[in-house]
1. Pull out a ≥ b ≥ c, the square roots of the eigenvalues of the alpha-carbon gyration tensor of the chain, then state rounded if a/c is under 1.5, prolate if not and a/b is larger than b/c, and oblate in the remaining case.
2. How high is the FRET efficiency from LYS112 to LYS66, r the C-beta distance, R0 25 Å, rounded to 0.05?
3. Among TRP176, PRO108, THR122, flag the residue with its Cα farthest along the positive direction of the charge dipole of the stretch 108-198, charges on Cβ as +1 for Lys/Arg and -1 for Asp/Glu.
4. If you rank ILE268, ILE225 by how much accessible surface each has, with a 1.4 Å probe, what is the order from largest down?
5. Looking at the stretch 70-178, which trypsin sites (Lys or Arg not before Pro) are DSSP coil and have at most 11 other C-beta atoms within 10 Å of their C-beta?
6. Looking at the square roots a ≥ b ≥ c of the eigenvalues of the Cα gyration tensor of the stretch 124-245, which shape do they give, rounded for a/c under 1.5, prolate if a/b is larger than b/c, or oblate?
7. Over the stretch 201-335, what is the relative contact order in whole percent, taking alpha-carbon pairs under 8 Å and six or more residues apart?
8. If you line up the Cα atoms of the stretch 165-225 on their principal axes, what length do they span on each, largest first, in Å?
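The values are calculated or read from the model by the stated rules, or taken from the named source; none is laboratory data. Here the structure is a predicted model, which is why all the values come from computation and not from measurement. Neighbour counts are summed over all protein chains in view; Cβ atoms, including those assigned to glycine, are modelled from backbone coordinates with ideal geometry. Please note that ligands, DNA and RNA were not included when accessible areas were found on the heavy atoms of the full protein model with its side chains. Shrake-Rupley method; radii C 1.70, N 1.55, O 1.52, S 1.80 Å.
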Amino acid sequence: MRIRTLLFIILVVLIGCSRDGQKTNQPDAPAKIVNVPSFNADSAYYFVKKQVDFGPRIPNSAAHKKAGDYFIAQLKTYGAVVKVQEFTATTFTNEKISLRNIIASFNPDKKKRILLAAHWDTRPVSSKDEEKPNAAFDGANDGASGVGVLLEVARIIGKQPTDAGIDIILFDGEDWGFDTEDKGTWGIAESPPPLPPGLESWWCLGSQHWSKNKHLGNYTAAFGILLDMVGGKNAQFAYEGVSLDYAAGVVDKVWKSAAKLGFSHVFITEKDGQMIDDHLFVNIHAKIPMIDIVSYAGDQGYGDFHHTQKDNMSSISKETLHAVGQTLLQVIYYE
Ligand SMILES: [Zn+2]
């Protein structure tokens with residue numbers, strides 16, 4: 001009796017769940033044939049290094065300007081319609097900074113859209129570094145890795161379009177925030193100055209701006225995926241708290257895709273805390289369910305590279321870039 005019940009349940013499950021959750025009540029209906037292209041990790045690595053070679057992409061610096069111009073030109077060569085959202089913001093250190101959110105749209109006429117994002121700015125100081133807390137740093141992982149993966153995704157979808165429309169947003173001004181763990185001159189204050197009206201965090205200035213002033217007034221997307229620090233050696237990504245709160249189905253979809261590709265050692269099933277990252281404001285204000293694929297190191301926070309001089313090209317792994325990039329392609333080509 002028990003075995004029969006079990007068999008019945010298995011049959012129901014088998015009939016109910018076809019490949020990738022698509023319902024196929026008609027057995028003869030042709031399955032969606034998807035030729036998912038290969039993610040080129042060498043190319044993504046090149047894009048990470050290219051950014052590092054500009055120098056730290058600190059807002060108001062020449063390197064920041066050059067890197068932004070490079071992204072715009074590069075995304076256009078892949079066939080994207082590129083919009084640039086320029087604005088100024090005031091930091092917790094009371095500096096006025098000129099920022100640019102860069103929005104690249106593929107197949108802008110498609111109704112179903114998927115949003116992919118990463119931040120492209122570099123934190124001005126390696127504020128958790130024991131030796132040089134006041135010095136600039138490369139931001140190879142924190143910033144450049146996510147953008148590098150997205151530039152490679154853009155290059156690929158420029159050649160082989162997806163069924164859904166894809167929007168890639170490179171958010172500016174993510175990393176000029178107040179952190180109680182900071183050392184050096186940024187670590188002097190015990191608490192940040194009060195936030196000006198309209199600002200909810202000193203972090204994520206670009207995503208806060210975009211989420212309340214979208215590049216198209218009626219813009220929305222079926223879901224979003226944010227990449228942050230996705231290039232570290234032996235990196236792992238856990239279920240991040242905000243992602244679970246707002247977009248559990250998207251977490252499930254992405255982690256299942258990763259598992260299918262053999263990346264369960266990278267996309268692990270541990271639960272992480274809630275992060276203040278760009279996806280938070282996209283979820284709250286833009287009302288788009290968005291997850292964060294973000295470096296996870298248990299008690300070590302994001303990892304020992306974080307906001308230190310160690311965040312340079314020697315910390316970047318092509319294997320990790322590949323796991324993240326191929327998983328993203330698997331997800332977006334099946335939509
Ligand atoms: Zn950072």
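1. Verdict is prolate for the chain.
2. 0.10
3. In the stretch 108-198, that residue is PRO108.
4. Putting ILE268, ILE225 in descending order of accessible area: ILE268, ILE225.
5. Loop-located and lightly packed - LYS111.
6. It is oblate, given that a/c is not under 1.5 and a/b is not larger than b/c.
7. Result for the stretch 201-335 is 38 percent.
8. Result for the stretch 165-225: principal-axis Cα extents of 46, 23, 15 Å.
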